[in-house]
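Heads up: the structure comes next, in structure tokens.
The values are calculated or read from the model by the stated rules, or taken from the named source; none is laboratory data. Computed from a predicted structure; not experimentally measured. Neighbour counts run over all protein chains shown; Cβ positions are idealised from the backbone, glycine included.
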Amino acid sequence: MDPAIVVGNAHPALGESVARALGVAPAVCTIERFPDGEQHVELTTSLAGREVYVVQPTCAPIGETLLTLLLIADAAWRAGAARIVAVVPYFGYARSDRRAHGGQPLAGRVVAGLFDNARFERVVTIDLHAPAIEGFFAVPMEHLDALGALGDALEPFLPANAIVVAPDVGAAKRADSIARRWKLPVAIVHKTRVSGTDVVAHRVTGDVRGMRPVIVDDMISTGGTLVAAFNAVLAHGAEQRPIIAATHAVLAGDAIARLASISPERLVVTDTLPIPTTAPFPITVGSVATVIADAVRRLHGGATS
Ligand code: R5P
């Protein structure tokens, strides 16, 4: 029997693309709100004995999208689903993999615990900020890589004098992998986070003089990291008009305006979460739908990574 794809409410376009790529019609799931604010979820496609994949990035509003996912899982379980897999292309709280200070929660662990206590047999996610948070989960995880999709979307826009820039040390491995595809040089910016919105770039490793920066990160939240990285490489002789690329375009608050301040030639992202349709610079979106559909086909056949 075909896998059943349940499309959550956080990013219907992606869930529908995954279903299309698999050649199946999405299961019918209505998500409404009671007058008091509580969510009302109802699955009307029969899921008894089916393998069910629920596609729902836990993007903003995170508390809501996460709860919807858990409610859908419970509904599918009560409807007799044989296996339920959470497909969470963007995993909210993935950056909360450690406590910066005493008195803080380990939020990534708390959220992972919610998945463990739901009815999921497995969690599928993409480009986790810290892959080690897989260890927070009791259920197995399928960690997919969107670098191929991101690279395909980026390739037509690479200038001849491109240098791939990792905007912090944590992004160095990703920058290396993507640069290897076109044998491009790599530079690394060393940064310190000052607050949720501000970072300071200290120094740059690599020679960026006369090169066009292609800054690659796992996610863009407020845009602070990318702006600081660009200003750092600019101060070291890089050219204007960076190309910026990231798997997860969180683009919180005034991130678009912040990015516009460095006049990017283009922003290249994937569709792990909904992308704004207007910005004062071009945006190219590479889809992860086939990456997810391939994983569903593999898991449906019983294989795992
Ligand atoms: C942090 O280490 C991540 O890889 C990103 O660099 C960071 O989350 C981006 O956040 P923002 O856009 O707010 O600087």
Across the stretch 237-260, what is the total count of residues that are within 11 Å of the ligand (Cβ to nearest atom), within 17 Å of the chain's Cα centre (by Cα) and aliphatic (A, V, I, L, M)?
7
Could you check the stretch 25-59 and list, in sequence order, the residues that are within 26 Å of the chain's Cα centre (by Cα), closer than 16 Å to residue 83 by Cβ and in a loop (DSSP other than H, G, I, E, B)?
none
Pairing a residue in the stretch 207-233 that is under 15 Å from residue 251 (Cβ atoms) and without any contact (Cβ under 8 Å) to a residue 60 or more places away in the chain with any residue that is assigned to a loop (DSSP other than H, G, I, E, B) and among the hydroxyl-bearing types (Ser, Thr, Tyr), where Cβ atoms lie under 6 Å and the two sit 6 or more apart in sequence or on different chains, gives 222/197; 224/197
Out of all the residues in the stretch 210-221, is one or more on the phi > 0 side of the Ramachandran plot, out of contact with any Lys or Arg (no Cβ under 7 Å at 6 or more places or on another chain) and at pLDDT 95 or above?
yes
Testing residue 159 on (1) under 22 Å from residue 207 (Cβ atoms); (2) modelled with pLDDT of 95 or more; (3) assigned to a helix (DSSP H, G or I), one condition comes back false. Which one is that?
(3)
Output yes when any residue across the stretch 48-61 is buried (at least 17 other Cβ atoms within 10 Å of the Cβ), out of contact with any strand residue (DSSP E or B) (no Cβ under 7 Å at 6 or more places or on another chain) and either among the aliphatic types (A, V, I, L, M) or closer than 20 Å to residue 274 by Cα (or both), and no when none is.
yes
Which ones in the stretch 72-105 are small (Gly, Ala, Ser), surrounded by 15 or more Cβ atoms within 10 Å (Cβ to Cβ) and within 16 Å of the ligand (Cβ to nearest atom)?
92, 94, 96
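Among the listed residues 173, 183, identify the single one that is closer than 23 Å to residue 143 by Cα and exposed (fewer than 13 other Cβ atoms within 10 Å of the Cβ).
Matching residue, one of 173, 183: 173.
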Restricting attention to the stretch 205-217, and to residues there that are surrounded by 21 or more Cβ atoms within 10 Å (Cβ to Cβ) and either within 23 Å of residue 273 (Cα to Cα) or β-branched (Val, Ile, Thr) (or both), which single residue is farthest from the ligand (Cβ to nearest atom)?
208
Does residue 108 meet the test of being farther than 19 Å from residue 18 by Cα, modelled with pLDDT of 95 or more, buried (at least 20 other Cβ atoms within 10 Å of the Cβ) and under 21 Å from the mean Cα position of the chain (by Cα)?
yes
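When residues of the stretch 140-166 are filtered for being among the acidic types (Asp, Glu) and touching a Gly at 6+ places or on another chain (Cβ under 9 Å), how many remain?
Applying the first criterion (among the acidic types (Asp, Glu)) to the stretch 140-166 yields 142, 145, 152, 155.
Subset that is touching a Gly at 6+ places or on another chain (Cβ under 9 Å): 152.
Residues meeting the conditions: 1.
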Within the stretch 119-135, is even one residue outside any helix (DSSP H, G or I), over 19 Å from residue 56 (Cα atoms) and at pLDDT 95 or above?
no
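Determine, yes or no, whether residue 136 is in contact with a Lys or Arg (Cβ under 7 Å, 6 or more places away or on another chain), under 22 Å from residue 221 (Cβ atoms) and buried (at least 17 other Cβ atoms within 10 Å of the Cβ).
Judged against the criteria, residue 136 is a match.
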